[in-house]
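Everything on this sheet refers to the single structure shown next.
The values are calculated or read from the model by the stated rules, or taken from the named source; none is laboratory data. None of the values given here were measured: they were computed from a predicted structure. Cβ sites come from the backbone with ideal geometry, for glycine too, and all protein chains shown count toward neighbours. To get the accessible areas, we keep the full protein, side chains included, count just its heavy atoms, and leave off ligands, DNA and RNA. Shrake-Rupley method; radii C 1.70, N 1.55, O 1.52, S 1.80 Å.
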Amino acid sequence: MTTTAPLGAADWEGITMNGLRLIRQHAAAFGRFAGLGSGVTLAASAALVLLSQWIPWMAANALTTVASTLVATELHARVSFGHGRPGLAGHLKSAATIALGWLVTSAAVGSLAVLRPGAGLVLQQTVYLSATALVGIGRYLVLRLAVFAERAPRPRTGDGVRLRAAYDAAA
């Protein structure tokens, strides 16, 4: 049976500093995520208004949704999470989170319509925006922890073997 020594003050300080650094890191990434997502959404909204002047609204909405999803995925992968290019798999997974988010917000607003048929605009917007905020937090977590998760560096055994052989030969 092994025993461990109790944590000392220096140990707790290290744990606290690492925890604070992790919180700051995630808070900064979430801030970038929210800022970029909001910016892309506003730009898509403006594009939707412009496009709907020339093509049917449904077609304009589909185009701006696809375009804004592609742009947001690129920005989140590169800027929010520092992951680099997301690739096709990253784009598809990100699009799946958006589709799931649409289902959640639609279900929330649809449930309100069933439960409170005469709900006013303020209550409708409160439900919609609350659902959207929860979806945004969930989307951040999925993208951060699964889609664009930080990968541990892989050991380079092949290069290490060659370097070791060169070192041994030189010695």
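Details
- Residue that is small (Gly, Ala, Ser), open to solvent by less than 90 Å² (accessible area, probe 1.4 Å) and at pLDDT below 90, where the choices are 46, 60, 28: 60
- Listed by first and then second residue, the pairs linking a residue in the range 122-146 that is over 19 Å from residue 83 (Cβ atoms) and open to solvent by less than 80 Å² (accessible area, probe 1.4 Å) to a residue that is part of a helix (DSSP H, G or I) and aromatic (Phe, Trp, Tyr), with Cβ atoms under 8 Å apart and 6 or more places separating them unless they lie on different chains, form an empty list.
- Scope the range 80-117; condition under 23 Å from residue 46 (Cβ atoms) and open to solvent by 70 Å² or more (accessible area, probe 1.4 Å); matching residues: 102
- For residue 55, the conditions (1) farther than 24 Å from residue 146 by Cβ; (2) under 13 Å from the mean Cα position of the chain (by Cα); (3) of a type in the set (A, V, I, L, M, F, W, C) are fulfilled apart from (2).
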